[in-house]
Amino acid sequence: MKDAVRLPHVVIIGGGFGGLQAAKALAHAPVQVTLLDRRNHHVFTPLLYQVATAGLSPGDIASPIRWILRKQANVAVQLAEVQGIDAGRRVVRLTSGPGDAEVPYDHLIVATGATHAYFGHDEWEHVAPGLKTLEDALRIRRRVLLAFERAERETDPAAQRRLLTFVVVGAGPTGVELAGALAEISRHALQSDFRAIAPETARIILIEAGSSVLSAYPDDLRAFARRALEQLGVSVWTGSPVTSIGPGRLQVGAETIDAGTILWAAGIAASPLGASLGAPIDRAGRVIVNPDLSVPGAPNVYVVGDLATVTGPNGRPLPGVIQVALQQAECAAKNILHVLKNETTATFVYDDLGNMATIGRNSAVCDLGRIRLKGFVAWLAWVFLHVYKLIGFRNRLSVMTQWAFSYVSYQRSVRLITNDSAIDSE
Ligand SMILES: Cc1cc2nc3c(=O)[nH]c(=O)nc-3n(C[C@H](O)[C@H](O)[C@H](O)COP(=O)(O)OP(=O)(O)OC[C@H]3O[C@@H](n4cnc5c(N)ncnc54)[C@H](O)[C@@H]3O)c2cc1C
């Protein structure tokens, strides 16, 4: 009997935007793919803030990775946390658990992304959670809703004021979206539900160390975004680096803000797996990859997405956005196929399709190169693009229905405080 031909084994670490796209790009290639992720689901991160602010449920914006790739016969998905990469022996080391502790590869794509950085103050994280995962979003939703509940019971006006003060640190797209949504909840969704407090008097403060909100956008869109936030009732503090954070308070230079809820949307810290490759990394821990996205000194290893750093045409690193991750994943997958055919690998060239960020319930900014949109038209473009990009018909239908309901009723349908211990522990 003839031996079965052993196909080259491509291991992909991460089932986020980069990892998933790499797997799809290898669909018809003569390779066997194993995709490893420590979570069983892929999250559509642009809508995480909607889960955090009670607009959508977790299931609306996430899908099981195994289900997404179910029709792709050459991919096996494994739920596993990767602890390190031994590029010399060409193995990926898993944390303990069922199954082999090591997965050998012929070619490796690392797409484990990045999270927020607390600029050397990791102790701030407990007080000021960031938004990266579904768990983070649910934690934030709990804190926000609990703050209003506690304020309703509170009899001391100063403590009540503190509970009704929400601070978001970092005015990039996530910070802007969170602050806008918090303003919308307090001014509209909760307005008539309480008796002892007036939720619409809640203070929402957006704090940014840099000189403007949405620093990656052109001047006119930045100015528009700031005005739109202020019209929603958000106080925008720019040029205001946070110097300390503790339970219930935050220091910005000489100013102390008493705030019951502090949310963090600043800084980038790459996944530690980048450092385990032994390749050069930047200050955020991102791997400085070769022009073809391979890793210096680690043969057959590619890094894509937020974990990689590539200099763009303006001399600055490309931003950590979905388009970069998707295009890099395509490029890395193609380069693996080039190597298999003994062809020269291709240099990664980024095609910038633009950026968009939403501000509250019906305003947004879109920077599409020569076309710039703002206000309601931009918001419509944002809505259609995000519904279109969601994975799965059920999710699209569910999100569209909930958005339509919220739009006409000003309500937020998922105002649930879950987790038994939440009332005392948060
Ligand atoms: C709240 C938020 C909103 C955003 N909004 C936008 C937006 O509107 N537009 C936009 O373009 N970009 C947005 N981004 C950025 C965008 O999400 C990232 O650029 C993109 O996800 C990067 O893709 P990636 O594949 O590199 O990493 P990710 O998508 O983060 O995927 C990383 C994957 O690796 C897995 N993983 C990590 N470590 C391990 C390990 N040790 N072992 C196994 N698995 C591991 C994770 O579970 C995850 O599934 C947003 C990000 C956040 C957090």
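Remarks
- Test: residue in the stretch 70-84 that is in contact with a Ser or Thr (Cβ under 7 Å, 6 or more places away or on another chain), more than 12 Å from the ligand (Cβ to nearest atom) and assigned to a strand (DSSP E or B): yes
- Pick from the stretch 333-369, criterion among the small types (Gly, Ala, Ser), within 11 Å of the ligand (Cβ to nearest atom) and surrounded by 20 or more Cβ atoms within 10 Å (Cβ to Cβ), ranking: nearest to Ala381 (Cα to Cα): Ala364
- Given (1) within 15 Å of the ligand (Cβ to nearest atom); (2) open to solvent by 60 Å² or more (accessible area, probe 1.4 Å), index of the condition Arg153 fails: (1)
- Filtering the stretch 7-33 to residues that are open to solvent by 10 Å² or more (accessible area, probe 1.4 Å) and either in the same structural domain as Leu131 (by TED's automatic domain parsing) or of a type outside the set (D, E, K, R) (or both) leaves Leu7, Pro8, His9, Gly16, Phe17, Gln21, Ala25, Ala27, His28, Ala29, Pro30, Gln32.
- Subset of the stretch 157-176 that is out of contact with any Lys or Arg (no Cβ under 9 Å at 6 or more places or on another chain) and open to solvent by 20 Å² or more (accessible area, probe 1.4 Å) - its residue that is nearest to Gln251 (Cα to Cα): Ala158
- Selected residue (criterion: surrounded by the fewest Cβ atoms within 10 Å (Cβ to Cβ)) from residues of the stretch 85-119 that are of a type in the set (S, T, N, Q) and within 12 Å of the ligand (Cβ to nearest atom): Thr95
- The stretch 277-289: number of residues that are buried (at least 17 other Cβ atoms within 10 Å of the Cβ) and in a loop (DSSP other than H, G, I, E, B): 5
- Residue match in the stretch 322-330 (condition: touching a strand residue (DSSP E or B) at 6+ places or on another chain (Cβ under 8 Å) and surrounded by fewer than 20 Cβ atoms within 10 Å (Cβ to Cβ)): no
- If you check Ala158, Ala171 for being under 21 Å from the mean Cα position of the chain (by Cα) and of a type in the set (A, V, I, L, M, F, W, C), only one passes: Ala171.
- Of the residues making up the stretch 120-136, those that are over 30 Å from Lys334 (Cβ atoms), within 16 Å of the ligand (Cβ to nearest atom) and open to solvent by 70 Å² or more (accessible area, probe 1.4 Å) number 2.
- Test: residue in the stretch 228-247 that is open to solvent by 50 Å² or more (accessible area, probe 1.4 Å) and touching a residue at least 40 places away in the same chain (Cβ under 8 Å): yes
- Checking Ala181, Ala209 one by one, the residue that is buried (at least 16 other Cβ atoms within 10 Å of the Cβ) and in contact with a Phe, Trp or Tyr (Cβ under 9 Å, 6 or more places away or on another chain) is Ala181 and no other.
- Filter result for the condition that a residue is within 27 Å of Leu277 (Cβ to Cβ), in contact with a helix residue (DSSP H, G or I) (Cβ under 6 Å, 6 or more places away or on another chain) and in a strand (DSSP E or B), over Val11, Val103, Val33, Val92: Val33
- Per-region count, the stretch 137-150, residues within 16 Å of the ligand (Cβ to nearest atom) and not charged (D, E, K, R): 4
- Among the residues of the stretch 248-276, those identified as away from the ligand (no atom under 16 Å from the Cβ) and open to solvent by 30 Å² or more (accessible area, probe 1.4 Å) are Arg249, Gln251, Gly253, Ala254, Glu255, Thr256, Asp258, Gly260.
- Residue in the stretch 394-411 that is open to solvent by less than 60 Å² (accessible area, probe 1.4 Å), in contact with a Pro (Cβ under 8 Å, 6 or more places away or on another chain), in a helix (DSSP H, G or I) and touching a residue at least 40 places away in the same chain (Cβ under 8 Å) present: no
The values are calculated or read from the model by the stated rules, or taken from the named source; none is laboratory data. Nothing here was measured: the structure is a model prediction, and the numbers come from that model. Don't worry about glycine lacking a Cβ; one is built from the backbone with ideal geometry, like all the others, and counts go over all protein chains shown. Accessible surface is based on the protein model in full, side chains and every heavy atom, while ligands, DNA and RNA are left aside. Shrake-Rupley method; radii C 1.70, N 1.55, O 1.52, S 1.80 Å.
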